[in-house]
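The values are calculated or read from the model by the stated rules, or taken from the named source; none is laboratory data. What you see is a predicted model, and the numbers here were worked out from it, not measured in a lab. Methodologically, a virtual Cβ is constructed for each residue, glycine included, from the backbone with ideal geometry; neighbour enumeration extends over all protein chains shown.
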Amino acid sequence: MPTRLYDDLTQRLPKVLEPRYEQLYFENGTLVPTDTDLIPGAREVAYESFTEFGDADFIEDAAANFPVVNISVEEDRYPVFMVGAGFPMSLQDERAYQSASRLSTTTMLDRFQRRMQAARNAIAQRINRLIAAGRQALRFAGTMGNESVPIESTTFNGRF
């Protein structure tokens, strides 16, 4: 009993302090589309872009010069970037997860899903920073001049 006394006298408060994640202006697909269905090894994504030009004007019967409208087709190419994250999982964790999924025990499944969500959040934040600030090694300038990119340094949303 004395070895557990410290634990018995410790009060655990759920969710008093948890990480605050960045607001995702880019990764959620609103401003910059993200696509997870690309062919493995794809280096670029190509889109056709259409430019419509021309004008209309008043014409008379038997007119010889009609205003002309036309469409030019060009191809825009964008490089493909892949951002990844993982989490460690021991053999015992894997066995416990498989057992929990068969027995529908939620404790182990919740831990696994929490790890997966943490990896997804880390990837989303990194994509957001990459698109906002760019990266010289990838020859990607970024869009920091965009006013919808926040400059925030807070990392926790504590409730006390």
The residue from VAL73, VAL83, VAL45 that alone is in a strand (DSSP E or B) and within 30 Å of ALA122 (Cα to Cα) is VAL45
Looking only at the stretch 63-75, count every residue that is surrounded by 10 or more Cβ atoms within 10 Å (Cβ to Cβ) and either at pLDDT below 85 or within 22 Å of PRO40 (Cβ to Cβ) (or both) and tell me the total. 1
Is it fair to say PHE87 is more than 19 Å from LEU24 (Cβ to Cβ), surrounded by 11 or more Cβ atoms within 10 Å (Cβ to Cβ) and either at pLDDT below 85 or not charged (D, E, K, R) (or both)? yes
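Conditions (1) more than 26 Å from GLU44 (Cα to Cα); (2) among the aliphatic types (A, V, I, L, M); (3) at pLDDT 50 or above, marked per residue:
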{"residue": "ALA122", "(1), (2), (3)": "no, yes, yes"}
{"residue": "GLN125", "(1), (2), (3)": "no, no, yes"}
{"residue": "ASN128", "(1), (2), (3)": "no, no, yes"}
{"residue": "GLY134", "(1), (2), (3)": "no, no, yes"}
{"residue": "ARG139", "(1), (2), (3)": "no, no, yes"}
{"residue": "MET144", "(1), (2), (3)": "no, yes, yes"}
{"residue": "VAL149", "(1), (2), (3)": "no, yes, yes"}
{"residue": "THR155", "(1), (2), (3)": "yes, no, yes"}
Check on GLU60, part of a loop (DSSP other than H, G, I, E, B), at pLDDT below 80 and among the acidic types (Asp, Glu): no
Verdict on LEU9 being modelled with pLDDT of 75 or more, within 15 Å of the chain's Cα centre (by Cα) and farther than 28 Å from VAL73 by Cα: no
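What about ARG95, is it of a type outside the set (S, T, N, Q), part of a helix (DSSP H, G or I), within 30 Å of VAL80 (Cβ to Cβ) and modelled with pLDDT of 80 or more? Walk me through it before giving the result.
Numbers: of a type outside the set (S, T, N, Q): yes; part of a helix (DSSP H, G or I): yes; within 30 Å of VAL80 (Cβ to Cβ): no; modelled with pLDDT of 80 or more: yes.
So ARG95 fails the test.
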First in the stretch 40-58 and in contact (Cβ under 8 Å) with a residue 12 or more places away in the chain and among the charged types (D, E, K, R), second anywhere and surrounded by 10 or more Cβ atoms within 10 Å (Cβ to Cβ) and not in a strand (DSSP E or B), Cβ under 9 Å, 6 or more apart: ARG43/VAL80; GLU44/VAL80; ASP55/PRO67
